[in-house]
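Heads up: the structure comes next, in structure tokens.
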Amino acid sequence: MSAKSLQASYPIHTNGVSSTQWLKWFIILLLFSLSVAGISYIISMPSLLPIKNIRVQGAFVNITENMLRESVGHLDEGFFSVDVANIKQKVELLPWVAQANIRRVWPDTLLISVAEQTAVAVWNQDGLMNQNGELFQPDKSTFPELLPTYTGPPDTERQVRQLYLLAYALLDENNIKPVMISMDARRSLLMKLDNNIYLILGRERFAERITRFSKLYSKVLAAKAEEIEKIDMRYTNGMAITWRHRTGLQG
């Protein structure tokens, strides 16, 4: 048998992909990318599904629909391209808006849902405080009536509110309420009650002094409340009373 007859031929297998196949997949991916880009461009066009309506939801006292619509301004974007985050930011710049939620409603509507601020006190005469101790500054003409007044140095608003709430709870059994609390630069406290009595409370032992006043009020002072102008509670075991038509009397 010759050497030539001993040679056999076997098929050769490769794991590679031919250049023709690579080109085919490249063209498919390119066309897909162009299609996505084209669709994205088309749906971002303001002329496609423009926003025609603005709906407003919420229970309002100091906010009107007109205020909300004006804060949004003129919309040039379409349904898909409108910037809801930017609109939310604009609406929440309104002082009486606590939180806003902006949502698209198919096919041409923008829905604005708003929670209004709840004012619990006037802060430093020119602002309001909400139930979380946060400040906001609407026009003074919109301030609710009969709110208690808090005053204090910067960054003391939450502390002052907590002291007010503590006093409110401690005085409740005597059916009297604080209507004003003031903290000065030295952190000394002055409080006015709804019977027009002022309490000088100083910088320490706030709860103790309010409690002591409350006990004496029910036993002794309530009957003479109309005659009392102010009471200095900074004494360890007593108080100094200033009468409206008398000289001071220490108790």
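The values are calculated or read from the model by the stated rules, or taken from the named source; none is laboratory data. As the structure is a prediction and not an experimental result, all values here were calculated from the model. Glycine also receives a Cβ, built like all others from the backbone with ideal geometry; neighbour counts cover every protein chain displayed.
Just to be sure before I move on: is SER182 surrounded by 14 or more Cβ atoms within 10 Å (Cβ to Cβ) and small (Gly, Ala, Ser) in the structure I sent? First the steps, then the outcome.
On the way: surrounded by 14 or more Cβ atoms within 10 Å (Cβ to Cβ): yes; small (Gly, Ala, Ser): yes.
Judged against the criteria, SER182 is a match.
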Contacts under 6 angstrom Cβ, first residue in the range 202-217 being closer than 13 Å to LEU190 by Cα, partner of a type in the set (S, T, N, Q) and at pLDDT 95 or above, 6 or more apart: GLY202/SER188; ARG203/SER188
Of all residues in the range 104-133, which are basic (Lys, Arg) and either under 20 Å from SER182 (Cβ atoms) or in the same structural domain as GLN159 (by TED's automatic domain parsing) (or both)? none
Selected residue (criterion: modelled with the lowest pLDDT) from residues of the range 205-251 that are more than 43 Å from the chain's Cα centre (by Cα) and part of a strand (DSSP E or B): LEU249
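Using the structure shown, decide if LYS177 is of a type in the set (D, E, K, R) and in contact with a helix residue (DSSP H, G or I) (Cβ under 7 Å, 6 or more places away or on another chain). Quick ask: steps written out before the conclusion?
Working: of a type in the set (D, E, K, R): yes; in contact with a helix residue (DSSP H, G or I) (Cβ under 7 Å, 6 or more places away or on another chain): yes.
Considered against the rule, which asks whether it is of a type in the set (D, E, K, R) and in contact with a helix residue (DSSP H, G or I) (Cβ under 7 Å, 6 or more places away or on another chain), LYS177 comes out as yes.
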Those strands (runs of 3 or more DSSP E) lying entirely in the range 135-201 with at least 1 residues of a type in the set (Asp, Glu) and free of Cβ contacts under 8 Å to residues at least 60 places away in the same chain: none
Select, from THR118, THR151, the only residue that is crowded, with 16+ Cβ neighbours inside 10 Å, modelled with pLDDT of 95 or more and polar (S, T, N, Q). THR151
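Residue-wise test of (1) of a type in the set (A, V, I, L, M, F, W, C); (2) under 30 Å from LEU68 (Cβ atoms).
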| site | (1), (2) |
| --- | --- |
| ILE102 | yes, yes |
| TRP106 | yes, yes |
| THR118 | no, yes |
| ASN130 | no, yes |
| THR142 | no, yes |
| PRO153 | no, no |
| GLN159 | no, no |
| LYS177 | no, no |
| ASP184 | no, no |
